[in-house]
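Novice: This is the structure I want to talk about, given as structure tokens.
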Amino acid sequence: MKKKISLLLLLISSIGFAQYGYRDGNRIGISLGVNQTSLFTDNFKANPEIGFAGGLSVRGNYYNNWSMIYGMQFFSNNFSLESTFDQKIKYNIQGVKVRLLMSYNVVEDHVSLDFGPVLQVNGKMKVATSDENKILKGTLLQADQIADISTLSGNFYLGVSAGSKTIRAVLFYEYGFTNILNKLNKDEALKPFYNGELKGNLGTINGQVVFNL
């Protein structure tokens, strides 16, 4: 995982610095903020929780009122699932996201609408030691048995940013269009503990501040 993240960071940085200086409008940004993540699933009773994310991005002029954004974000997302006794079991996912977005400049250098695909690289989900053996509501699965989720997933990004050339507030939503629980369906040892197919899609609301260099 560390090697993959290092390679992705090197790639994004290389692209960014290649674009930086190509036009006067290109800017490198450092972002940080909070998020709220939900797991959309029929298999479990899920609740959203608060997490955080931050990273680097490069915004470059593309054509007329359009720009492109290359970016990488490190994230720590949280959501909770209910146990058979209606207790909340909190899960944490950490990883990295790589973005390639189109951006329409509604007001040049001040307001833009951004959208595009996001590649998400996930680590295993983490759960507190005290919750590992609790049974997830609606199944016979223990909480720690669903930790090994799919490593790669895809999201669609839609957001708006507003501010100045140097500081911007960004509000965006990411919806995971791939099944983040799909890897679990390939584990034959887990099949006796649930019915049907495990399916879950992540949805994340993010609020961040971007500092442009």
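The values are calculated or read from the model by the stated rules, or taken from the named source; none is laboratory data. If you're wondering where the values come from, they're calculated on a predicted model, not measured in any experiment. Every residue, glycine as well, gets a Cβ built from its backbone with ideal geometry; the counts of neighbours run over all protein chains shown. Protein only, heavy atoms only, side chains kept; ligands, DNA and RNA dropped before computing areas. Shrake-Rupley method; radii C 1.70, N 1.55, O 1.52, S 1.80 Å.
Novice: Examine the range 95-107 for a residue that is in contact with a Pro (Cβ under 7 Å, 6 or more places away or on another chain), open to solvent by less than 20 Å² (accessible area, probe 1.4 Å) and in a strand (DSSP E or B), and state whether such a residue exists.
Specialist: Keep residues of the range 95-107 that are in contact with a Pro (Cβ under 7 Å, 6 or more places away or on another chain), which gives 100.
Checking which are open to solvent by less than 20 Å² (accessible area, probe 1.4 Å) leaves us with none.
No, the range 95-107 contains no residue that is in contact with a Pro (Cβ under 7 Å, 6 or more places away or on another chain), open to solvent by less than 20 Å² (accessible area, probe 1.4 Å) and in a strand (DSSP E or B).
Novice: So which of G196, G138 is loosely packed, with under 15 Cβ neighbours inside 10 Å, within 24 Å of F44 (Cβ to Cβ) and at pLDDT below 95?
Specialist: On the way: G138 fails: loosely packed, with under 15 Cβ neighbours inside 10 Å.
Selected residue: G196, the only one of G196, G138 that is loosely packed, with under 15 Cβ neighbours inside 10 Å, within 24 Å of F44 (Cβ to Cβ) and at pLDDT below 95.
Novice: Which residue, of F115, F85, is at pLDDT 95 or above, out of contact with any Lys or Arg (no Cβ under 7 Å at 6 or more places or on another chain) and aromatic (F, W, Y)?
Specialist: Every option except F115 fails the conditions.
Novice: Hey, could you check the range 38-77 for residues that are polar (S, T, N, Q), open to solvent by 20 Å² or more (accessible area, probe 1.4 Å) and part of a strand (DSSP E or B) and say which is modelled with the lowest pLDDT?
Specialist: Step by step, filter the range 38-77, then rank; the result is N61.
Novice: Name every residue in the range 126-165 that is over 30 Å from F211 (Cα atoms) and either in contact with a His (Cβ under 9 Å, 6 or more places away or on another chain) or among the hydrophobic types (A, V, I, L, M, F, W, C) (or both), in order of residue number.
Specialist: Within the range 126-165, V127, A128, I135, L136, L140, L141, A143, I146, A147, I149 meet the criteria.
Novice: Then there is this: Does the range 152-168 contain at least one residue that is under 22 Å from Y91 (Cβ atoms), among the hydroxyl-bearing types (S, T, Y) and open to solvent by less than 40 Å² (accessible area, probe 1.4 Å)?
Specialist: yes
Novice: Additional query: Give A143, A128, A189, A147 a once-over and let me know the one that is more than 23 Å from I28 (Cβ to Cβ), surrounded by 20 or more Cβ atoms within 10 Å (Cβ to Cβ) and either in contact with a strand residue (DSSP E or B) (Cβ under 8 Å, 6 or more places away or on another chain) or not charged (D, E, K, R) (or both).
Specialist: Values: A128 fails: surrounded by 20 or more Cβ atoms within 10 Å (Cβ to Cβ); A189 fails: surrounded by 20 or more Cβ atoms within 10 Å (Cβ to Cβ); A147 fails: surrounded by 20 or more Cβ atoms within 10 Å (Cβ to Cβ).
Going through A143, A128, A189, A147 in turn, the sole match is A143.
Novice: Can you tell which of K199, K183 is assigned to a helix (DSSP H, G or I) and over 30 Å from G60 (Cα atoms)?
Specialist: Details: K199 fails: assigned to a helix (DSSP H, G or I).
Every option except K183 fails the conditions.
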